Structure formats: structure tokens, C-alpha cells
């Protein structure tokens, strides 16, 4: 009679290889990546807990604490990293669009809308969602939340400034108009996600918003 092992699949699963000294930063990134993957897989921020993230990484839940004091801190790291990705995407789009500031602004705004459509779960989480906690009940500070997305927003402000310098836009406050444009794009992205059956024109609504908010002189 062949001897069988009493260990089931869970017991046979290999544990995560322990980081060498000085490699704690890698574990931190693994934790953030696991949380982002769970968000993509479930579409539910409530599914991201210390235990679920630890299982995804292959570590014990207490191993998270040296890197993140609580679940909101993990979510903040996910959102911060996603804004860095968005900012890099917008910068790359602007560079590919060429030297004309107006062309760059249209390209960046459409890239923003495309990012929202391609990453719906992460995009929703970046702009609030269930993870956004009440301050004082966790490790997050007001500055943590206020600073989210500011560098990505600055991409729009810088291009609007270039549009004004080139005589293409009549804006006198590129920073404020950039905020207005950002909010307009966000509203359009939200409505496209919420009203999927509405026959949205491909680009005409977005272009009309960009033209008016950017105060292009031939609008």
C-alpha cells in the first residue's frame, strides 16, 4: 500500500521566500502590488484587508505592520502609485503629441479619459471610493489626502500656460482653468462609466469641453 501524505494543497503551498536584510522595500512594493491586484480582481475595495493582502503576497499578516500601520495606509500607497502612473502616462502622451501646445492639451485630455476607461476600478478608487477614511480613525493625515493627484494636475496647468504663451488661449489663470478642465474630464469619465448604454459621440463632447474650458481663441 502506497503511503499518502496528510498534508493538503494549502500545506504544500510554498511560502514566500524571505527577503534578505535590506530588501524590506521590495516587500513593501509586493504588498502594494497585491492590494492593487485584489482591487482589479474583485472590483471591491472592501476585499482589500490585511489578511487578504497577506495571503496574496504569501506572508503572515503581522509581517505587514513594519511597512503599513493599517489598511488605509495600504490603500493610500496604491492610490499614490496609480497617480504616479497616470502622471507618467500624461507626460509621455504630451511628448508624443509634438510641439504645438494646443495639440498636446487635446492629446493629454483624451489620454486621461482613456486611462479612466481602461482602469475603471483603480480610477474610481483614486478619486475617493469606499477606502477614503475619516481622519483621526487611522494613520492618514489631511496632507496625505490633499496632495493626491496634484502633480498629475500640474501637467494640464503647464500645457495651458504654454497655450497662453503661444497666443492660442485667452486664459489668465492657467492653474484655475486646469482645475476646471480636470473636473470636467472627470465628470465626463464618470458619466461614460455610469451610463454605458448612452450613445456617446466618440470625441466631439470631450473636444467641445476642452475648447471652451481652455479658452481657445477660435472657440
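Laboratory data are not the source of any read-out in this text; all were calculated from the coordinates shown. Treat the numbers as computed from the prediction; the structure is a model and nothing was measured. So basically every Cβ, Gly included, is an ideal-geometry build from the backbone, and we count neighbours across all protein chains shown.
Judged by the mean number of other Cβ atoms found within 10 Å, the most tightly packed of the peptides 155-163, 39-47 leads the ranking 155-163, 39-47.
May I ask for the Rg/Rh ratio of the range 26-77, computed from Cα atoms with Rh as the Kirkwood radius, given to two decimals? Walk me through the numbers on the way to the answer.
Details: Rg = 9.5 Å, Rh = 10.5 Å.
For the range 26-77, the value is 0.90.
With only the Cα atoms considered, the range 72-219 has a convex hull volume of 106 Å³ per residue. The fewest-to-most ranking of 145, 38 by surrounding Cβ atoms within 10 Å reads 145, 38. Were the residues from residue 103 through residue 91 laid out at 0.36 nm apart, the gain over their Cα-Cα distance would be 3.0 nm.
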